[in-house]
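Heads up: the structure comes next, in structure tokens.
Coordinate-derived values only; no laboratory data. Everything numeric in this text was worked out from a predicted model, so none of it was measured. So basically every Cβ, Gly included, is an ideal-geometry build from the backbone, and we count neighbours across all protein chains shown.
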Amino acid sequence: MYSDVDCTPNETSDDNRKMKKLLLFGATGNLGKEVAKTAKQQGYDLTVVVRNKSKTGQLTSITDRFIVADITKRNQLTDICNGFDIVISTLGKSVSPNETSRQSFNDIDLIANSNILEEAKKSGVKKFVYVSAFHCEKYLHLEYFRVHHEFSERLKASGVNYSIIKPPAMFSAFLDMIEMAKRGLLSNIGKGDKRTNPIYEGDLANECVNSIKDDNVTKEIGGRSIYTRRQLNKIIQEEVCPEKNVKNIPLWLFKFSLPVLKVIKKNMYDKFAFFAAVMQEDTIAPQVGQMKFEDYIKMKRKI
Ligand SMILES: NC(=O)c1ccc[n+]([C@@H]2O[C@H](COP(=O)([O-])OP(=O)(O)OC[C@H]3O[C@@H](n4cnc5c(N)ncnc54)[C@H](OP(=O)(O)O)[C@@H]3O)[C@@H](O)[C@H]2O)c1
């Protein structure tokens, strides 16, 4: 069973009574936190699901109530969507190499999200917003993309009204590199000449919440500016520690370790195989976001 933790309710007003009830999964993540803020600003009645109470942290001032549940346990999700109009899932296994949990992309991104979808359907949820990955359908041999694509297909076939949002990288995916830049470990892999337009998670959150009003849509959404991988590294290095240089690692050397990694550490292999693939091709989505990467890195460096 899951436990329900009520926060101090807002004053009841006519507007509050008209609010649509929204259940958010993945609220403690980089994107989820922004979705929670945006949903609240737009007047939704927000409940978030967290895996333990210690994770509620900054969210206590934003959300109306919490549900504590382990999304990997099917029985803890029973009836979890009852009474909600909208479900948003920004739930997914992190791509950060610093995240080393035993669960796989399949366990979280596909199975857990499918369990949530099943519950949403059973409870008559009117809208399901899911954050997938840009061009996932083109890389089905890579686990990270396969699971995002497969869940998107399940959602489309479910009969529940959906919005599927497909970003390339979010700015937050580069936060690990700030630490690497400080230690002089930031590296270009290969030529670093392939281009992409990552998006600020706050801009993406707006798109997720605004898309609640859309009917059965799939939206590819990127940031306003296009950069080569080398330019992104340079921006980080110059902002964080200009006295150190970005290193260069040949692509063949990076890929050399993959077959061994696949045998000894499959979850880590899935992350590095994903990085190797996206660094070899241009990944440019429609330019929607507003914040510039340079400004984001400046902002994060000060935090
Ligand atoms: N990051 C990117 O550049 C990028 C690009 C394209 C698409 N996406 C997709 O966008 C979505 C959100 O990404 P993000 O960067 O915001 O992810 P994130 O920061 O890693 O957050 C993931 C969320 O999922 C939760 N989660 C992960 N494993 C869990 C588990 N075993 N049990 C319970 N909760 C678990 C996390 O909870 P905890 O806080 O408790 O760990 C967190 O709330 C993901 O589906 C991701 O694949 C991301």
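Observations, loosely collected:
- Across the range 3-292, C-alpha contacts under 8 Å between residues 6 or more apart give a mean separation that, scaled by the residue count, equals a relative contact order of 18 percent.
- Residue with peak Gaussian network fluctuation, the chain [Cα springs, cutoff 10 Å], from D70, D109, D203: D70
- Shape category assigned to the chain from the gyration tensor of Cα positions, a/c cut at 1.5: prolate
- Across the options I264, Q231, G184, the greatest Cα extent toward the positive end of the charge dipole of the range 180-268 (unit charges at beta carbon of Lys, Arg, Asp, Glu) belongs to I264.
- Ascending count of other beta-carbon atoms within 10 Å, so fewest first, for C136, C81: C136, C81
- Calculated [θ] (222 nm, deg cm²/dmol) that DSSP helices of n ≥ 4 give over the chain, each run adding -39,500 (n - 2.57): -10500 deg cm²/dmol
- Computed 3J(HN,Hα) for the range 54-69, one whole-Hz value per residue from the Karplus formula 6.51 cos²θ - 1.76 cosθ + 1.60 where θ = phi - 60°, is 5, 7, 5, x, 5, 6, 4, 7, 9, 9, 7, 7, 10, 10, 9, 8, glycine and proline marked x.
- Taking the average, over residues, of other Cβ atoms within 10 Å as the packing measure, peptides 147-153, 235-241, 251-257, 183-189 rank 147-153, 235-241, 183-189, 251-257 from highest down.
- Anisotropy class of the range 212-261 from Cα gyration tensor, a/c 1.5 cut: oblate
- Look at the dipole of the chain built from charges on Cβ: of V209, H149, Q41, the Cα furthest out on the positive end belongs to H149.
- Within a Gaussian network of the chain (alpha carbon springs, distance under 10 Å), most fluctuating of V209, V260, V217: V260
- Taking other residues whose beta carbon is less than 14 angstrom from the beta carbon of K213, and scoring Lys, Arg as +1 and Asp, Glu as -1, yields 0.
- Antiparallel DSSP beta bridges within the chain, percent to nearest 5: 15
- Among 20-29, 159-168, 54-63, sorting by the average number of other beta carbon atoms lying within 10 angstrom of each residue, highest first, gives 20-29, 159-168, 54-63.
- Too-long pairs where the Cα-Cα distance tops 18 Å, listed order kept, from K93/K271; K182/K234; K21/K53; K138/K262: K21/K53; K138/K262
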